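For reference, the structure discussed in these notes is given below.
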Amino acid sequence: MKKNNNPPLNPFLLSGYVSPDYFCDRVQETGKLISALLNGRNITLVSPRRMGKTGLLRHAFHRIETEKIGKCFYVDLYQTDSFTSLVHKLASVVIGTLDTREEKVMKTISTVFKSLRPVFSIDPRTGEPSVSVDVQADFAEKSLSEIFAYMENAKMKCFVAFDEFQKVAEYDDSLNVEALLRSYIQHLTHVQFVFSGSQRHVLENMFSSASRPFYQSTQMMSLGCINPDAYYAFAEEKLQKHGQLFSAESFHAAYNQLFGHTWYVQMLLNRLYETGTGMITDVEVENELQQIVSDNEATYQTFLRLVTPMQRKLLKAVAIVGEVSEIQSNAFLSRHHLGAPSTVKSAAKSLVEKELLLEENGSFSVYDRFFAFYLRR
């Protein structure tokens with residue numbers, strides 16, 4: 001029998017989605033998301049970056065497809081810069097996936113997607129031919145109409161997640177992309193949508209402002225931290241299977257240091273798992289945090305070179321405090337010698353826009369939780 005030399009998968013994933021076995025909690029959020037979609041409500045999902053939006057979407061979509069409720073499409077708009085690139089992303093995800101076994105992708109393209117141009121290529125690894133589609137700018141709106149019609153007329157219900165949807169507001173198009181999308185989406189009855197993103201103020205304005213096309217057209221949903229007790233139960237099980245013990249006290253201390261921010265907690269757990277240390281204590285946690293900060297020191301130095309001296313000073317002050325609820329208060333300003341409230345307000349606004357500071361419900365913290373450790377030390 002051939003020996004399997006593949007090492008076991010580190011259960012604390014930092015990207016991608018494998019299966020429910022590697023997904024922590026989010027039971028209520030998953031149920032809420034799926035229930036809304038199945039009852040005909042579109043969702044706007046908002047949370048800070050690296051809180052776990054993509055994982056939640058993938059997990060919910062996995063459940064929908066496993067239970068054969070419908071077909072799901074995840075469309076990441078982060079690297080798109082125009083309406084045409086959005087349509088191309090959507091086409092690349094959707095084309096051919098709803099066909100029966102007897103139907104061919106080329107037949108679908110030629111009969112259903114008349115505005116799309118097929119592009120043939122050879123996979124350099126396998127040598128197998130493949131076909132993709134090219135969306136031409138002049139026919140992008142027609143292509144979008146055909147893609148939506150394809151899903152609307154499918155034999156199964158369709159669910160589409162547009163991740164990082166705030167990018168749409170940045171498109172330098174003569175079209176009003178929001179209005180154009182809304183004009184098609186509002187007439188679909190067999191296709192439901194999730195619009196997710198990390199820039200809360202942009203998304204809330206898009207979906208809550210009476211002057212915008214998507215005004216009150218979705219159910220708003222915020223994603224917070226994973227419950228610490230549920231997270232500990234998940235971590236404890238995975239570590240025990242690896243012959244490691246992590247006390248609840250040490251885990252919760254680490255969780256609190258990282259503000260429960262999912263990706264940063266996950267990175268720490270990933271590194272602790274890698275060490276194979278039998279008993280994980282505060283000392284092991286501290287050592288790993290120090291190592292992570294050391295590994296990223298060059299990046300953090302670059303961050304500081306890209307901000308003004310005043311912004312740098314404010315970043316360090318916020319890092320020392322951890323979370324600042326009144327960033328213009330006399331107590332905070334005088335303690336850290338930050339000067340006039342107006343200057344601090346301007347610096348904070350700029351740092352939030354650069355995603356170096358995170359503003360949630362009027363409180364400010366350093367966005368990158370490991371960067372905060374670097375600033376303090």
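Details
- Meets criteria (more than 22 Å from residue 355 (Cβ to Cβ) and either in a helix (DSSP H, G or I) or assigned by TED's automatic domain parsing to the domain that holds residue 32 (or both)) for residue 183: yes
- Identity of the residue in region 347-368, surrounded by fewer than 15 Cβ atoms within 10 Å (Cβ to Cβ) and without any contact (Cβ under 8 Å) to a residue 40 or more places away in the chain, that ends up nearest to residue 49 (Cα to Cα): 353
- Pick from region 297-319, criterion over 25 Å from the mean Cα position of the chain (by Cα) and closer than 21 Å to residue 361 by Cβ, ranking: surrounded by the fewest Cβ atoms within 10 Å (Cβ to Cβ): 317
- Reported count of residues in region 205-249, each being among the hydroxyl-bearing types (Ser, Thr, Tyr), within 26 Å of residue 8 (Cα to Cα) and over 23 Å from the mean Cα position of the chain (by Cα), is 1.
- None of 193, 148, 162 is in contact (Cβ under 8 Å) with a residue 60 or more places away in the chain, touching a Phe, Trp or Tyr at 6+ places or on another chain (Cβ under 6 Å) and more than 30 Å from residue 321 (Cα to Cα) except 162.
- Residue 234 vs. criteria at pLDDT 95 or above, out of contact with any Asp or Glu (no Cβ under 6 Å at 6 or more places or on another chain) and closer than 30 Å to residue 146 by Cα: no
- The one condition in (1) part of a helix (DSSP H, G or I); (2) surrounded by 15 or more Cβ atoms within 10 Å (Cβ to Cβ) that residue 188 fails to fulfil: (1)
- Hey, residue 328 free of Cβ contacts under 8 Å to residues at least 24 places away in the same chain and in a loop (DSSP other than H, G, I, E, B) or not: yes
- Within region 158-180, the set of residues being out of contact with any strand residue (DSSP E or B) (no Cβ under 6 Å at 6 or more places or on another chain) and part of a loop (DSSP other than H, G, I, E, B) comprises 171, 172, 173, 174, 175, 176.
- Pairs where the first residue, in region 246-264, is farther than 11 Å from residue 369 by Cβ and the second is of a type in the set (Asp, Glu), C-beta under 7 Å, 6+ apart: 246/236; 250/282; 253/282
- When residues of region 329-346 are limited to those that are surrounded by fewer than 16 Cβ atoms within 10 Å (Cβ to Cβ) and hydrophobic (A, V, I, L, M, F, W, C), the one farthest from residue 298 (Cα to Cα): 331
- Comparison of 60, 36 shows that the only residue that is free of Cβ contacts under 8 Å to residues at least 40 places away in the same chain, surrounded by 13 or more Cβ atoms within 10 Å (Cβ to Cβ) and either among the aromatic types (Phe, Trp, Tyr) or closer than 17 Å to residue 219 by Cβ (or both) is 60.
- Search result, residues across region 205-236 that are crowded, with 16+ Cβ neighbours inside 10 Å and of a type in the set (Asp, Glu): 236
- Whichever residue in region 39-69 is within 19 Å of residue 156 (Cβ to Cβ) and assigned to a loop (DSSP other than H, G, I, E, B) and, among such residues, is nearest to the chain's Cα centre (by Cα): 42
- Residue match in region 271-281 (condition: of a type outside the set (A, V, I, L, M, F, W, C), over 22 Å from residue 24 (Cα atoms), out of contact with any helix residue (DSSP H, G or I) (no Cβ under 9 Å at 6 or more places or on another chain) and at pLDDT 95 or above): yes
The values are calculated or read from the model by the stated rules, or taken from the named source; none is laboratory data. None of these values were measured; they are calculated from a predicted model. So basically every Cβ, Gly included, is an ideal-geometry build from the backbone, and we count neighbours across all protein chains shown.
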